[in-house]
Structures are given as structure tokens and as C-alpha cells.
Amino acid sequence: MKLQNILWVAILLIIPGNVWAYGEAGSSGPGTGVCAKLKFSDFTPGNNSEVAPRSAFSFVASSMAYPNSIKVTIKGQSVPVTVTPKGEGFKVTGNLPDTVKGAYAKIIIDARGYNQCEVSDGWLVKVTE
């Protein structure tokens, strides 16, 4: 009887750990599997647009986003944003910081979904002098 128990334990240890993993195979990063439901869209101004300093920007986060987790950074600076419910998601608005002038700036979005996925996205704008 002991030999049979040892064989069962050996078989269970031989099976790779990823067979027991939860979720889809290969879904390790943001934007895949259940994380794919958390999206950002309607970026304003558009990608690679030329804008004035302190210009307003906005985007829409899908309803899978936890609104209090939405953070925006531009050139390493945290930017205050306003998050309001809009249809099946959230409209996020803010302004470019005073310090960004005469350069390209990437507006980086970080958010966490209700399913605890962390997703990052963003777009590039050219800020005039």
C-alpha cells in the first residue's frame, strides 16, 4: 500500500506546474486573456498631434477599470485627472503640466481592473513652445 501512495505522489510531482495554473496559456501580460477587457480609447488630442502647453487631454477607460486606480504621468510627473462615468466606461480628463514645453511628451496611463489586472497604455503629443 505504501508503494502505491508513493507512486501517486511521484506522478503528481512530475506533472508541470503550469498544467494546474488558472487562466489561459500564455496570458502573462496586460492586454491578454481577461486583462484584454480593460481598454483605453478616444484619445484626445490624437497621437502625434501638436498642442499648446497646458492643453487639455482626455480618453475613455472601459467599464472594467477601477476608477480610483486610473493614474496619468507625463515626463515622470503625476498629473491630476478627473474621472467621470460615461456610458459603458469612464471619461478621464486632465491638463498637460506647465513644465512640458517645446518637446514631445508621452501621456502614460496606468490602471487596475476589477479583476486585478494592471494595464498601461498611452500616446504621444508634441508640445509647442
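Taken together, the values in this text are just the output of simple stated rules run on the coordinates, not laboratory data. Keep in mind it's a predicted model, so treat the numbers as computed, not measured. For neighbour counting, all protein chains shown are included, and Cβ atoms are generated from backbone atoms with ideal geometry for every residue, glycine included.
Among 117-125, 57-65, the peptide with the highest mean count of other Cβ atoms within 10 Å heads the list, and the full ranking is 57-65, 117-125. Residue separation of residue 86 and residue 47 scaled by 0.36 nm, minus their Cα-Cα distance, works out to 11.8 nm of gained length. Legend: distances between Cα atoms for 86/106; 39/86; 37/75; pairs beyond 21 Å are 86/106; 37/75. Karplus-based coupling profile of region 58-67, in residue order and whole Hz: 7, 7, 10, 9, 5, 5, 6, 7, 7, x, with θ = phi - 60° in 6.51 cos²θ - 1.76 cosθ + 1.60 and x standing for Gly or Pro. Backbone phi angles across region 2-7, fed through the Karplus curve with coefficients 6.51, -1.76 and 1.60 (θ = phi - 60°), yield HN-Hα couplings of 5, 5, 5, 5, 5, 5 Hz in residue order; Gly and Pro are listed as x.
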